[in-house]
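Notes to accompany the following structure.
The values are calculated or read from the model by the stated rules, or taken from the named source; none is laboratory data. Because the structure is a prediction, the values reported are computed rather than measured. Glycine also receives a Cβ, built like all others from the backbone with ideal geometry; neighbour counts cover every protein chain displayed. These area figures cover heavy atoms from the full protein model, side chains too; ligands, DNA and RNA do not enter into them. Shrake-Rupley method; radii C 1.70, N 1.55, O 1.52, S 1.80 Å.
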Amino acid sequence: MIKGNMHEELKERLKKLENNYNGKEFLSIVNKVKKDRTNDDDLLKKIEIISRKRFGEKVSLTLGIHAGNILEIILTIVATVLAFRVNSDWMLYISALILMATLHPLSHYAAGFLSGIRFTHYYLNGPARIEPTLRIDYFSYLKASGGKRALMHASGVIGTLAAPLITGLIALDKGAFGAAENLFYFFLLLIVFELLTSTKIGDLMKAKREYGLR
């Protein structure tokens, strides 16, 4: 009975946000749902509806999830083929940057799909608003366990780090040993960068947060 009353209280708080959105209040409700492992479908649907409405108000340029995945896969294939076929160290470096942009969201999608977490759109985000980013479906996200949510968040870092390794191996196969060495150093720099930044404001921070709620 107490839990039922708590759910009704959260629904009332959400109802107030429908026409007067407050980011801190919304996150407070989401964190409460995570902490209590709430599994009320109606409550989770309301959270997703409010989140998607807010997303629509803030973001105008979006791409459907299937179209976005196809585009990312095509770009991944093109970057890999160019790295093999074009005899230029610069093409290897450019391919590594392209793969960083494509493998990151694709890794999130793959890990999310395996964990039961779904996504609704691709949109551009990041400091320069040029990073392909997935919008999470809150209903499926909050349905998943904290461990699965943590895996989904951490997977993006794995995808990013894989990019210079893949192009580095291609460089070795082509005999471009100088480029391969540079890409390996770039890989090490990325690890340091992720540890310094992502653990505080990025995917690793989110993964740690969700893992603590498993």
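Only one of 37, 13 is of a type outside the set (S, T, N, Q), surrounded by 12 or more Cβ atoms within 10 Å (Cβ to Cβ) and at pLDDT below 95; which? It would help to see each step written out before you state the result.
Working: 37 fails: surrounded by 12 or more Cβ atoms within 10 Å (Cβ to Cβ).
The conditions single out 13.
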Exercise. Can you spot a residue in region 59-67 that is in a helix (DSSP H, G or I) and open to solvent by less than 40 Å² (accessible area, probe 1.4 Å)?
Worked result: yes
Exercise. In a helix (DSSP H, G or I), touching a residue at least 60 places away in the same chain (Cβ under 8 Å) and closer than 29 Å to residue 170 by Cβ: does that describe residue 106?
Worked result: no
For this session: Just need a number here: residues in region 134-147 that are in contact with a Leu (Cβ under 7 Å, 6 or more places away or on another chain) and either part of a strand (DSSP E or B) or among the hydrophobic types (A, V, I, L, M, F, W, C) (or both).
Result: 2
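Condition first: hydroxyl-bearing (Ser, Thr, Tyr), exposed (fewer than 14 other Cβ atoms within 10 Å of the Cβ) and closer than 30 Å to residue 85 by Cα. Can you find one or more residues in region 184-191 that meet it?
So far as region 184-191 goes, yes, one or more of its residues are hydroxyl-bearing (Ser, Thr, Tyr), exposed (fewer than 14 other Cβ atoms within 10 Å of the Cβ) and closer than 30 Å to residue 85 by Cα.
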Seminar exercise, completed: Screening 150, 154 for residues that are in contact (Cβ under 8 Å) with a residue 40 or more places away in the chain, within 22 Å of residue 188 (Cβ to Cβ), open to solvent by less than 40 Å² (accessible area, probe 1.4 Å) and not in a loop (DSSP other than H, G, I, E, B) leaves only 154
Problem set entry | Sole residue being without any contact (Cβ under 8 Å) to a residue 24 or more places away in the chain and open to solvent by 20 Å² or more (accessible area, probe 1.4 Å), chosen from 100, 91 | 91
Exercise. Restricting to region 72-85, what's the tally of residues that are without any contact (Cβ under 8 Å) to a residue 24 or more places away in the chain and open to solvent by 50 Å² or more (accessible area, probe 1.4 Å)?
Worked result: 6
Seminar exercise, completed: Checking 120, 167 in turn, the sole residue that is open to solvent by less than 30 Å² (accessible area, probe 1.4 Å) and under 26 Å from residue 58 (Cα atoms) turns out to be 120
